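*Asks:* Got a structure for you, questions after.
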């Protein structure tokens, strides 16, 4: 996962058609009782970023499967129940396997292949005690019985949305807005959306006369989607930036993740920018 987060992802090839990415951060945070306090937003953003990096490298089908969750158990005494029948062919704390013809009254399901009938305890119970760990997985509880699986697919010829800067001759404000126009490759909007991926971009105003840092205005990362026609991007001046009235500037739009320059335009600053 660390390699994926840094963009160190191999591209798919004939002999390298599958890639397995493993991460147990959300599992560790849950067992350490940190997840309830901090929430899952940060972890979910981590996984979203990983999916975007994989997509950018050409992995256009991503399958996600999760481990199960657990129920926090406020009491130190675990709840155990007796097996429905003696002599199961397979046993664990949360599941017992019997021949398919055995009649069970509690929660049950046929194993793949239909040879075995699997019995599970109800709710948060188990067939064997956990040993006072402070949390319970349960048998037929929702997080054990249903495991989420997610499939994400993009068209094989999909590519990130392209944008161009709407020309602006003069910058008349210290809070300028730059208009980005979304490029269309087909006549019909539906065709463009089907084959085009969203992209995060950043817009900057650069002073090429500056010897050190040429960046004097910048924007936050903004997500551009193929169904849009135009997007107005608000820029803020850098706190230590200075430029005189009449300074020629370069408008630059970059991919926020890859730093690829997507388009540039020339303009002129018509208000003085002082070290404010």
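*Asks:* Looking at residue 114, is it outside the structural domain of residue 259 (by TED's automatic domain parsing) and surrounded by fewer than 10 Cβ atoms within 10 Å (Cβ to Cβ)?
*Replies:* Yes, satisfied.
*Asks:* Given the residues 48, 63, which is the only one that is surrounded by fewer than 16 Cβ atoms within 10 Å (Cβ to Cβ), within 13 Å of the chain's Cα centre (by Cα) and over 20 Å from residue 11 (Cβ atoms)? Spell out how you get there, then give the answer.
*Replies:* On the way: 63 fails: over 20 Å from residue 11 (Cβ atoms).
Being surrounded by fewer than 16 Cβ atoms within 10 Å (Cβ to Cβ), within 13 Å of the chain's Cα centre (by Cα) and over 20 Å from residue 11 (Cβ atoms) holds for just one of 48, 63, which is 48.
*Asks:* Given the options 138, 134, name the one that is farther than 24 Å from residue 47 by Cα, modelled with pLDDT under 75 and touching a strand residue (DSSP E or B) at 6+ places or on another chain (Cβ under 7 Å).
*Replies:* The unique qualifying residue is 138.
*Asks:* On the basis of being touching a residue at least 40 places away in the same chain (Cβ under 8 Å), touching a strand residue (DSSP E or B) at 6+ places or on another chain (Cβ under 8 Å) and more than 14 Å from residue 163 (Cα to Cα), does residue 247 make the cut?
*Replies:* yes
*Asks:* For region 86-111, enumerate the residues that are in a loop (DSSP other than H, G, I, E, B) and loosely packed, with under 13 Cβ neighbours inside 10 Å.
*Replies:* 86, 87, 89, 101, 103, 105, listed by residue number.
*Asks:* Does any residue of region 25-39 turn out to be surrounded by 11 or more Cβ atoms within 10 Å (Cβ to Cβ), more than 24 Å from residue 196 (Cα to Cα), touching a strand residue (DSSP E or B) at 6+ places or on another chain (Cβ under 9 Å) and touching a residue at least 60 places away in the same chain (Cβ under 8 Å)?
*Replies:* Yes: one or more hits.
The values are calculated or read from the model by the stated rules, or taken from the named source; none is laboratory data. Computed from a predicted structure; not experimentally measured. No Cβ is skipped: glycine too gets one built from the backbone with ideal geometry, and neighbour counts run over all protein chains shown.
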